[in-house]
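Novice: Attaching a single structure in structure tokens format; questions to follow.
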Amino acid sequence: MQSLTTSNAGYAAGDLDTRLQAPGADVPERGCFHCGTPLGGAVFTSRQKSFCCQGCLTVFELLTENGLGDFYRFGRAAGVRAKDTPKEEEFGYLDAPAVRRQLVDFADERVTRVTLRVPSVHCIACVWLLENLFRLKPGIGYSRVNFPRKEVYITFENSQVKLSELAGLLASLGYVPELNSSDLEGRPRPRVSRRLWLQLGVAGFAFGNIMLLSISSYLGLDAFSGPGLRKLFGDISLALALPALVYSGADYWLAAWLALRGRVLSIEVPIALGMAALAAWSTREVLAGRGPGYFDSLAGLLFFLLCGRMFQQKTYDRLAFDRDYKSFFPLSILRTSGKKQERIALSELQAGDRLVIRHGELIPADSRLISGPAMIDYSFVTGESEPVEIAPGGHIYAGGRQIGGAIEVETVKEVSQSYLTSLWNQETLSKEKKGSLGSLTNRYSRHFTKIVLGVALGAAVFWWFRDASRCLSSFVSVLIVACPCALALAAPFTLGTAQRMLARRKVFLKNPAVLESLAQVDTVVFDKTGTLTASSAGPVVFLGEKLREDEESCIYAVAQHSTHPHAVRIAKSMEGERGAQTVLWFSETAGGGMAGIAGGREIWIGSAAWLKSRNVKAATPPATAGSVAHVAIDGNYRGCYTLASALRPQAEEVVRQLSGKYELALLSGDHEKERKRFEELFGRGGQLHFNQSPLNKLDFIRDLQAPGKRVMMVGDGLNDAGALKQSDVGVAVVESLSAFSPASDVIMSSQMVPRLAEVLRFAKSAVGVVRLSFLISVLYNVVGISLAARGLMSPVICAILMPVSSVTVVAVGCGLTRRLGRGLECGENAQEEGQA
Amino acid sequence: MIVIFLLIPLSIVVASVFLLGFIWAVRSGQYEDTSTPPMRALMEESQTEKTEKSEKSEECEKANP
């Protein structure tokens, strides 16, 4: 048991995004037995165990009844909170043949195999539970979890289990499968390809075996073995190297060929040139019976290059960035026709369909409101954080989110034609950003190739006049030794290491090349909402005559009954201070307010307009206040709660740290009421722009870039997706990594916002390390080339110099980056201690 | 020393068997996910332990009613 828990903890520490979700680490004494959520008021108990909600209790009972009680042996509170998980009926649309066909991997009459993404898998216990699903429901066969990808592959019998039932079962256990509309279009699966593994294997095989044979020649042992053995070694080396050269090196030959045809000198050109020279020369040596040639170096070179490529691939594979805007849309929608309601796939949605949109759901297409007061939160589209009220008949744009009660809408456009789509389909957005992977390397290699060719030709011409017999050999030697293996390895290893270090700090880069762009940034643009401010962090302040304590506890009790975000925040601000009164009666008017009777008082909380309809005149709050909720007790107006969106803790510090070195700007979709606060913060140099639509933001970035500025945009999501893409580095700040990851270059956990300056500094020094590695490899080359050009090259020097240069470059690159990264880590610990 | 002419090619043949093994392993998908199987190994241990124990205890109960 002990060993199990420790290894479990090891996994949690090792995997990056688990820590955001892993509830297991520090469970307070009185936490839910299943998921570890601290127990609040209501507690559900079963078999002397306490649970936070009915969902967790049900999962516990289900597991114990089916002999899966072992789940809890993997660690305390290993479960995922199962409160408010979607019901099985909500997955009904999955059984529609069209949807089903696109989701499943394989299906025949009897069995179906499906791959589902389950982001809440976070520990060994989850893996165990999901792989024992067959015990919970007859008909489920084999299930396998791919932990790093957070996927589960399940086979089940069609006669006993429906796809919707399977999804429902997973959801009821807390593992809600993530289904969105991009799944229906065949998701791309970037993975370390089998081909690369095979290429690496073949190259490694050749390298190892040739090296084994060559060691004797390094040590001069072939002196006593005679020419027969030398011939044998040569033939075997040739035979081993050929498949490596043809199969493992295939990508390099192709890339070099393409580069030459496109008249570009990419890094592959000198590599291919060196390899060709090496192969040709060695083959000549072998066929002439003069020894094994340089095949050992050739195979080693290929092996190291492929190792670098594998490292790069593995780093890249951890992050699935390839999401488009469609992954924000739900997969299904509730359609209503007359009295019948059914869940349909989003792709089946047609203009003119009537939809029921409930609290918190996204409007999938431009629509007209039929019934119900709509409060639409457009923060994804416009950045405006306060909901807009829409009267029946009004137009609702796609991408809005309904807050409050359920509404009925009629779509006027199809999903693909809507406003959001047209924003994303803009020309600039579809354009690929310049600066492909390894552009730094390519810049260097351009000069490098020219110099090498020059030196090789020079040496050849020189020896032609001095000693024609050494002409060819010196020309080839220069090409061989100059093969920029180390140069090619420096960037992937160093930047890859840096990328991993950052990922451990919850800063995820799209690819290593982003580091390069980060290092060049000179302008930082913030989108206010969600980056510098956090809407949930602000204080809730009551304006008006001070309330008595018993009155406050009545308001607390009533506010607790609502799921409206304002009510939730009001209740939260009073949490723990006073005991709640019992609420006798409660009613909520969506988009208006709520009324409730508690402690013998009638409490009304809502908008001014809503109170007016009840003949209560509300005072006008000061213009600087954020969102406002007015309160009346027993029909008498008492005051209002202001809910300010506050600056994130340490936001000021970030701005101050950056202000000296970078040009700063702030964009916001909100109105100007907070301008003053930010003017103080940003000082005179900062540009502040309010009331910005997504298009304005995009244009602003483009204007900055026009005079050649390198712009980093820090935003929170959809409403600035255009600007994120247009900027040189788009940073998306997210609260939970599994929730939203818009198309950006960097995804950053909001916890890391205070350390933005450090991240930028780290990126700069990582790129510095790459330059240093380049310098080292160039030094090696200068030594090698000068030897080769003078005709002093021997197979021993060639064979030793090449791997040694590669290994040093990799060691220096990774070592230094790790060291720099450790500073990043230490800083964080110190900060945490400081906070504690 | 002449035997080395036989032994070296033989060693290459043996090594090729391992290469073929590797190719088989890659083809059969063993390199797709390298971090879940170690976890699985831990789980299966606890699982078999438990079933063995319970089987034993059942046997004991049957033996000594």
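Values quoted throughout were computed directly from the atomic coordinates according to the rules given, and no laboratory measurement underlies them. Bear in mind the structure is a predicted one, so any value in this text is a computation, not a measurement. Here the Cβ is made from the backbone with ideal geometry for all residues, glycine too, and neighbour counts use every protein chain on show.
Novice: Excluding A:Leu258 itself, what net charge comes from residues whose Cβ is under 15 Å from its Cβ, given Lys and Arg +1 and Asp and Glu -1?
Specialist: Net charge in that neighbourhood comes out at 0.
Novice: Calculate the FRET efficiency for A:Ile370 and A:Glu549 from the Cβ-Cβ distance with a Förster distance of 45 Å, rounded to the nearest 0.05.
Specialist: Taking R0 as 45 Å, the efficiency between A:Ile370 and A:Glu549 is 0.50.
Novice: Moving to a separate point now. Using a basic spin-label model with each label point 7 Å from the Cα along Cα→Cβ, how many nm lie between A:Leu219 and A:Phe462?
Specialist: Roughly 3.6 nm, to one decimal.
Novice: By count of other Cβ within 10 Å, fewest leading, how are B:Val17, A:Val507, A:Val111 ordered?
Specialist: B:Val17, A:Val111, A:Val507
Novice: Report the full-extension gain for the segment B:Asp33 to B:Leu7: residue separation times 0.36 nm, less the Cα-Cα distance, to one decimal in nm.
Specialist: My answer for the length gained is 5.6 nm.
Novice: Let me ask something else. Nearest 0.05, what FRET efficiency do A:Asp699 and A:Ser50 give at R0 = 41 Å with Cβ-Cβ as r?
Specialist: Efficiency computed from Cβ-Cβ geometry: 0.15.
Novice: List the trypsin sites (Lys or Arg not before Pro) in the stretch A:237-317 that DSSP assigns to loop (not H, G, I, E or B) and whose Cβ has at most 10 other Cβ atoms within 10 Å. Which are they?
Specialist: When the trypsin sites (Lys or Arg not before Pro) of the stretch A:237-317 are filtered for loop state and at most 10 Cβ neighbours within 10 Å, A:Arg263 remain.
Novice: Determine, for A:Leu265, A:Leu584, the number of other Cβ atoms within 10 Å of each Cβ, and report the residues in order from fewest to most.
Specialist: Sorted ascending by nearby Cβ count, the order is A:Leu584, A:Leu265.
Novice: What list do you get for A:Val202, A:Val118 if you sort them by fewest beta carbons within 10 Å?
Specialist: A:Val118, A:Val202
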